[in-house]
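Below is one structure, written out as structure tokens; comments come after it.
The values are calculated or read from the model by the stated rules, or taken from the named source; none is laboratory data. Just so it is clear, the model here is predicted, and its values are computed rather than measured. Because the Cβ atoms are built from the backbone with ideal geometry, glycine has one as well, and the counts that use them run over all protein chains shown. The area values use the complete protein model at the heavy-atom level, side chains included, leaving out ligands, DNA and RNA. Shrake-Rupley method; radii C 1.70, N 1.55, O 1.52, S 1.80 Å.
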Amino acid sequence: MIVDNSLVLAYLGDAIYEVYIRKYLISKGICKVNDLQKEAVKYVSAKSQSDFLEKMINDEFLTSDELIIVKRARNHKSHGSKSTDIVTYKRSTGLEALIGYLELKGDEGRILEIMKYIVGD
């Protein structure tokens, strides 16, 4: 089941991405919730996600099909965010949509590759 709505993919991708980051931080031995939250922001903020996506694009890490998903999500009409500029918001939405797409496609291996790229493992 693949959904064609970029914002629905981003909605799912946001949850998958955040769970991965939380598990990663816990695996690093961070045990205090306040510390976990501070570290998580380095990965889950719109700015961070936008930067990670831009680096993946510049490093040619994404496939052509993945770039199509990202671009479709970035170009989707959305309301933006009060906490960040529209370009940053759209880029972060693109990354989240890609993760959501891969989740629905059942490509956990590729999600893991992307997440390892992001966290530097």
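Residue-level analysis places Ile30 outside the set of residues that are of a type in the set (A, V, I, L, M, F, W, C) and either touching a Phe, Trp or Tyr at 6+ places or on another chain (Cβ under 6 Å) or open to solvent by 70 Å² or more (accessible area, probe 1.4 Å) (or both). Within the set Asp107, Asp85, the sole residue that is of a type in the set (Asp, Glu) and open to solvent by 60 Å² or more (accessible area, probe 1.4 Å) turns out to be Asp85. Of the residues making up the range 49-60, those that are closer than 19 Å to Leu112 by Cβ and touching a helix residue (DSSP H, G or I) at 6+ places or on another chain (Cβ under 6 Å) are Gln49, Phe52, Leu53.
Of the residues Leu7, Leu53, the single one that is open to solvent by 50 Å² or more (accessible area, probe 1.4 Å), of a type in the set (A, V, I, L, M) and touching a residue at least 24 places away in the same chain (Cβ under 8 Å) is Leu7.
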